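Colleague: I have a structure here, written as structure tokens, and I will follow up with some questions on it.
The values are calculated or read from the model by the stated rules, or taken from the named source; none is laboratory data. Since the structure is predicted, the reported quantities are computational estimates derived from the model, not experimental observations. Ideal geometry is used to build each Cβ from the backbone, glycine not excepted, and the neighbour counts take in all protein chains shown. For accessibility, only protein heavy atoms count, side chains too; no ligands or nucleic acids. Shrake-Rupley method; radii C 1.70, N 1.55, O 1.52, S 1.80 Å.
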Amino acid sequence: GLVDFGRPASVAPTKRAQVRGILEQLIDTELAPGDAIPSERALVTRLAVSRVTVRQAIADLVEGGVLERVHGKGTYVTGPQVDSRLHLTSFSREMRDRGLIPATVVLSAREEAADDEVAYALRIRPGRAVVRVERLRTADGTPMAYEVGNYPSALFPGLLDRELGSLYDVFASVYGVVVTSGEQTVRAEAADAHQARVLGIAKRAPLLVQERVTYAGDRVVELATSAYRADRYRIHMAITPRG
Ligand code: GLP
């Protein structure tokens, strides 16, 4: 659901916010992505509130991306909304922590020679073998991210024979490599034709693209680009005074 930024304890939630909360609960417990929500009339009866309030609450959820209006048809549940706190966590774990079921479609996986850019980031010699994995990541069946990662073959022999669902799990359980830190940038990008097709979104739709270099101790284990759907994924940060 929508992130709850909290509110001052002394301020009572408005009717609109209350109804929004009830609707979110109803969506979580009774509906699945793609389902239509009950009609305004039905909600007015069920929740015993005015039509105006129901409309406002629905408008808030449309605005927040939880619901989507399909012209002439109705209002539908869109799918999971994830607020990422950008911890050093895997996709699988991040989704599970939110009660969503992660899944992976491996689009391609192969060993190749590192080009200059990949070699530089992974701190290996150009031409050394790297495993390049291209994956679609889903949460509760909804496409969330398109990821391309590069991993030094020397660190992960036989990686291509493994199940590439959660890479961080495989690294830890098979190779004893536990990720300890990372450097990451996030930028906005418009989906190209390939990304749009894989993610099931319109070409040029907005993406949040994370570029990550990941370390296990002082070894570089990953150079990955993860393109998240901007309508499904937001970045949430706690902001504190500058020290
Ligand atoms: C996130 C990171 C990727 C990383 C992935 C690992 O999505 N942006 O850089 O490869 O997590 O997740 P998993 O262990 O589920 O494969």
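Colleague: Accessible area per residue for the stretch 82-235 in Å², computed with a 1.4 Å probe and the full protein assembly in place, what is it?
Modeller: So the stretch 82-235 comes to 49 Å² accessible per residue, rounded to a whole number.
Colleague: Still on this structure, I have one more. Within the accessible area of the stretch 125-243, what % is carbon and sulfur when the probe is 1.4 Å and the other protein chains stay in place?
Modeller: 52 percent
Colleague: Let me ask something additional. Please compute the contact order of the chain in relative form: average sequence separation of alpha-carbon pairs under 8 Å and at least six residues apart, divided by the residue count, as a percent.
Modeller: Across the chain, relative contact order equals 16 percent.
Colleague: Could you let me know the centre-to-centre spacing of the stretch 22-62 and the stretch 136-163, using Cα atoms, in angstrom?
Modeller: 38 Å
Colleague: Within the accessible area of the stretch 15-77, what % is carbon and sulfur when the probe is 1.4 Å and the other protein chains stay in place?
Modeller: The value for the stretch 15-77 is 48 percent carbon and sulfur by accessible area.
Colleague: Next up: What is the sum of charges around Gly65, taking Lys and Arg as +1, Asp and Glu as -1, for the other residues whose C-beta is under 14 Å from the C-beta of Gly65?
Modeller: Around Gly65, the charge tally is -1.
Colleague: Follow-up question, since we're still on this one. Starting from 0.36 nm per residue, how many nanometres of slack lie between Thr89 and Ala129 once their C-alpha separation is accounted for?
Modeller: That pair, Thr89 and Ala129, stretches by 11.8 nm at full extension.
Colleague: For the stretch 15-77, with every protein chain kept in place, what is the accessible area per residue (1.4 Å probe, Å²)?
Modeller: 60 Å²
Colleague: If you don't mind, there's one more thing I want to ask. Give, as ranges by residue number, the residues of the stretch 145-181 whose backbone N falls under 13 Å from the point 7 Å along Cα→Cβ of Val105.
Modeller: Answer for the stretch 145-181: 145-147.
Colleague: Moving on. Relative contact order, percent, of the stretch 192-243 when contacts are C-alpha pairs under 8 Å separated by at least 6 residues?
Modeller: Relative contact order of the stretch 192-243: 27 percent.
Colleague: Counting only helical runs of four or more DSSP H residues, what would the 222 nm mean residue ellipticity of the chain come to if each run contributes -39,500 (n - 2.57) and the total is spread over all its residues?
Modeller: -8000 deg cm²/dmol
Colleague: Between Ala113 and Lys73, what FRET efficiency comes out of the Förster formula 1/(1 + (r/R0)^6) with R0 = 45 Å and r the beta carbon distance, rounded to 0.05?
Modeller: After rounding, the FRET efficiency stands at 0.30.
Colleague: If amide H atoms are built 1.01 Å from N in the plane of the peptide, which residues on other chains or at least 5 residues away come under 5 Å of the amide H of Val82?
Modeller: Close amide H contacts, sequence-distant or interchain: Tyr233, Arg234.
Colleague: Please label the shape of the stretch 181-243 as rounded, prolate or oblate, based on the square roots a ≥ b ≥ c of the eigenvalues of the alpha-carbon gyration tensor (a/c under 1.5 means rounded; beyond that, a/b larger than b/c means prolate, else oblate).
Modeller: oblate
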